[in-house]
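Worksheet: the structure to be examined is printed underneath.
The values are calculated or read from the model by the stated rules, or taken from the named source; none is laboratory data. Keep in mind that this is a model prediction, so the values were computed, not measured. Reconstructed Cβ throughout: ideal geometry from the backbone, glycine too, with neighbour counts over all protein chains shown. In case anyone asks, the SASA skips ligands and DNA or RNA and just uses the protein heavy atoms, side chains included. Shrake-Rupley method; radii C 1.70, N 1.55, O 1.52, S 1.80 Å.
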Amino acid sequence: QVQLVESGGGLVQPGGSLRLSCAASGSSVSFNTMGWYRQAPGKQRELVATITRGGATNYADSVKGRFTISRDNAKNTVYLEMNSLGPEDTAVYYCNAAVRSLLDLRLLEVWGQGTLVTVSS
């Protein structure tokens, strides 16, 4: 069973910083591209950032220069460092992973349960 567990969300003041973590677990699988998405109240889920196993990154325009995605392949963990947070960043942040089964080579998409980030004074 493949599982993604996020942590690090919470309440932060405008201009502040937070670091999200997503720990992936599973047997006989390879975690390929991993990423973060977010969903604000009343809005659709949107891409925040992705990172390939080799370290290539992609960011939404709205977070470029403020957020940094990174990963530790040895720990199967992906991080999202968020700086200069504003109220517009308030959302539930979801971890996502493209997972390859090493048994039958099937590709699966797995989501975490989400962690709430609230930016407010």
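Tally the residues that are open to solvent by 80 Å² or more (accessible area, probe 1.4 Å) and in a strand (DSSP E or B), restricting the search to the range 106-121.
Result for the range 106-121: 4.
Could you tell me which residue of the range 46-65 is surrounded by the fewest Cβ atoms within 10 Å (Cβ to Cβ), considering only residues that are in contact (Cβ under 8 Å) with a residue 24 or more places away in the chain and not β-branched (V, I, T)?
The selected residue is S62.
Looking only at the range 1-31, count how many residues are open to solvent by 40 Å² or more (accessible area, probe 1.4 Å) and either acidic (D, E) or assigned to a strand (DSSP E or B) (or both).
Residues in the range 1-31 being open to solvent by 40 Å² or more (accessible area, probe 1.4 Å) and either acidic (D, E) or assigned to a strand (DSSP E or B) (or both): 7 in total.
Condition first: surrounded by fewer than 21 Cβ atoms within 10 Å (Cβ to Cβ) and closer than 30 Å to S27 by Cβ. Now tell me which residues in the range 80-93 satisfy that.
Passing the criteria: E81, V92.
Report, by residue number, each residue of the range 23-78 that is in contact with an Asp or Glu (Cβ under 8 Å, 6 or more places away or on another chain) and aromatic (F, W, Y).
Listed by number, the residues that qualify are Y37, F67.
Residue by residue through the range 32-45, note down the ones that are open to solvent by less than 60 Å² (accessible area, probe 1.4 Å) and either touching a Cys at 6+ places or on another chain (Cβ under 9 Å) or of a type in the set (S, T, N, Q) (or both). Quick ask: steps written out before the conclusion?
Going through the range 32-45, the residues open to solvent by less than 60 Å² (accessible area, probe 1.4 Å) turn out to be 32-38, 40.
The answer is N32, T33, M34, G35, W36, Y37.
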